[in-house]
Each structure stands twice: as C-alpha cells, then as structure tokens.
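The values are calculated or read from the model by the stated rules, or taken from the named source; none is laboratory data. Predicted, not measured: the structure shown is a model, and the values here were computed from it. As a convention, Cβ positions derive from the backbone with ideal geometry for all residues, glycine included, and neighbour counts pool all protein chains shown. Just the protein is used for accessible areas: all its heavy atoms, side chains included, with ligands, DNA and RNA removed. Shrake-Rupley method; radii C 1.70, N 1.55, O 1.52, S 1.80 Å.
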Amino acid sequence: MGSQQIQWLLDSNEPWTRYRTLTDLLDRPPDDPDVQRSRSEMLTHPTVIDLISESATWPGYALKRHNDSKHPIYKFSTLADFGIKATDPGMNIGINAIMVNQSAEGAFQTMVHIPKAFGGPGEDLWTWVLCDTPTLLYILLAMGLEHHPQVQNAVQHLAGHEDNNGWGCVASTELGKFKGPGRRSDPCPIATLFALKALSLVPEYRDSLGTRVGTEILLNHWEKKYDHKLFLFGTGTDFRKLKYPYVWYDILHVVEVLSHFPHLHDDKRFQEMVRTITDQADKNGLYTANSMYMAWKGWSFANKKDPSPWLNFLVLRILKRMDSGGWKI
C-alpha cells in the first residue's frame, strides 16, 4: 500500500473512512487520539445519524426482494461495516427490535412478504430465509454482541445448516414450499456468501470444515465448474463491477468475505479474483464505483465519476490481509 493512498484516505471528508483507515490499515489502538477523534466525528455525522435513525425503525417494511438496497437491513449492515457498535448512541432501539424476533430454531427473523406464486403465504410474516438471517447475525456479531446467548444460539443455527455442499436455499418450515429459482440440490451462492460473512467473525469457524466447504463452493462458482447458473447467479460482467453497499452477489463483496479466511490467500482462483479488482484501479491507483444503488446516491461509493475514499479503503484492507499472509500484487 502506498503512503499517498493512505494519506488520501486520511484527508477525506468521510470520518468512517478515516476511522477504519486508522484502525484497520494503520493498526492504531482504540485509545489513540486520532482514532477517538475520527470515531466521534463519525457518530455525530449527519448521514450516519440518519442511518442510525433508519435502523431504529426496524423492520421498516416487509422485505419483498433481497437486493432491495434501501431496506433497513442494509442500513444496519452498513453501520456495522463502518464500525458502529451496539452500545453507540441510538443503536439500542434497532438492536432490541432484532433481538425480540428470534425463531425457536435460533435464527433471527425479518418481516418478509413472499407471494403465493413463489411458494410463500402471500402476506407479511416474521420469518427467516438463509439470504437474510445471516446478515442480521453479521450485524450483531460486528457490533460486539458475540457473547450474547441469543447470538451464540444463532451462530449454532447457521453453522448447522451447512450440508457438505455450502448453504442452500433454505427457509423456515412455516414458509412451506418456498424455494428460490434453482435446483434444491444446488448450493445457493448468496446464502453461502452471507453465511460465510457472519461465521468469519467467529474465530472457531474460520477454519472449520463447513466454512472450508463454503469457500470452495464460491471459488468453484468463480471458476465456472458448474454447467449451469446457481440460482441465477453468475460471475460475468455485472458481477465484476465494483459496488457498495454489500447487498448482493458481486466481486467486491465476495472477495471481502473470502479474504477473512487465511487458507485462501495463496489459492490461485482467489488471487485471480483479487486481480480482477486491482486491474480496475486508475493511473493514480484509485478505485471508482462502476455500478451503484440509486437509493444510496450522494455517498461517495455511489458515484461512478470520482474515486471513492470508502471504496478504496475496502480494497486496500483486502490487500493488507493478503499481504500479511505473504502475497504480493
């Protein structure tokens, strides 16, 4: 990582970028004055306050499609990415609203609306699907609730749904015959990605058999070892565009998650994915989003004209994880 790139991040007007650059790229401790200052500025920044306010409306409205970037679940997960904690001002309302809706099986629930045509009940329902409950678990883990008994129960539930073939299109039994657009015998790339994302935050699962199988599924998917699309997910042009927030199945999201598993850092397939990202840098070594969610217009990572400090931080953090494992661009 170049010192000029780091300084560019530290000079940005995004306190969340400055904060995570100091802690994740420069390894500054929590009591460092610059860390404390940038974190304080993040917590009082109007756009972060707006995200916290939106998270307090959980569940907001029934989730009808899992790539709905304006849904509160993704406001929550973006706050978690920034480094917001459950104990930060204003977070208790939304966190409590998540915690009170946990199924008997252990999964945290979302209010969803699945039409009868897709095997659902055709009405708003508190339930869980493996393409939403792992995100709720990720939020709670990233926000510092890893020791809470409810969260530990949810971890066991999620880990238990790996069936030696990654994570499939699985939902609560109350959803009856619901299934996404794919074969029941296939792993679901997005469910596997979300599951790995949550479990990567639990140390004992970073090298478990289940997560090793899951990471292999995603690498095989990249390598096109399947003779058909898995639940309509591909790895073509749209997949390779740099995009944030982490809502759907795209290259930056996949590489971010896989980078948490050190045993993959010398895997040629993973390195090829990383180079697909780094090849998109401009002449100054900076990255600009080439796809965006309109619901996030106004944020630097939803701007296809100018380099985004936050997007650049995300790429540099991936490279730092790999560099610590001995891999060089």
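Rg over Rh for the range 179-289 works out to 0.96, using Cα positions for both radii and the Kirkwood form for Rh.
Of Tyr226, Tyr205, Tyr74, which has the most accessible area and how do the rest follow, probe 1.4 Å?
Values: Tyr226 65, Tyr205 40, Tyr74 5 Å².
Descending order: Tyr226, Tyr205, Tyr74.
The residues of the chain expose, per residue, 43 Å² of accessible area to a 1.4 Å probe.
Projected onto its three principal axes, the C-alpha set of the range 1-76 covers 44, 24, 20 Å, listed from the longest axis down. Counting only Cα atoms, the chain measures 55, 45, 37 Å along its principal axes, largest extent leading. Rg/Rh, computed from the Cα trace of the range 126-249 with Rh as the Kirkwood radius, has the value 0.96.
A 1.4 Å probe over all protein chains sorts Glu162, Glu41, Glu204 by accessible area into Glu204, Glu41, Glu162, starting with the largest.
Taking every alpha-carbon pair under 8 Å whose residues sit at least 6 apart, the chain reaches a relative contact order of 15 percent.
Both radii come from the Cα set of the range 128-178: Rg as radius of gyration, Rh as Kirkwood radius; their ratio Rg/Rh reads 1.00. The accessible surface of the range 241-314, taken with every protein chain in place and a 1.4 Å probe, is 47 percent carbon and sulfur. Is any residue of the range 63-79 close enough, with backbone N under 18 Å, to a label point placed 7 angstrom from the Cα of His148 along the Cα-Cβ axis, and if so, which? Taking a point 7 Å out along Cα→Cβ of His148, the residues of the range 63-79 whose backbone N falls under 18 Å are 72-79. Can you tell me the FRET efficiency between Thr87 and Lys268 if r is taken as the Cβ-Cβ distance and R0 is 30 Å, rounded to the nearest 0.05? After rounding to 0.05, the efficiency reads 0.10.
Measuring r between the beta carbons of Thr57 and Lys283 and using R0 = 41 Å, the FRET efficiency lands at 0.45.
Ordered by 1.4 Å accessible area with all protein chains kept, His45, His221 run largest first as His45, His221. Across the range 87-239, C-alpha contacts under 8 Å between residues 6 or more apart give a mean separation that, scaled by the residue count, equals a relative contact order of 21 percent.
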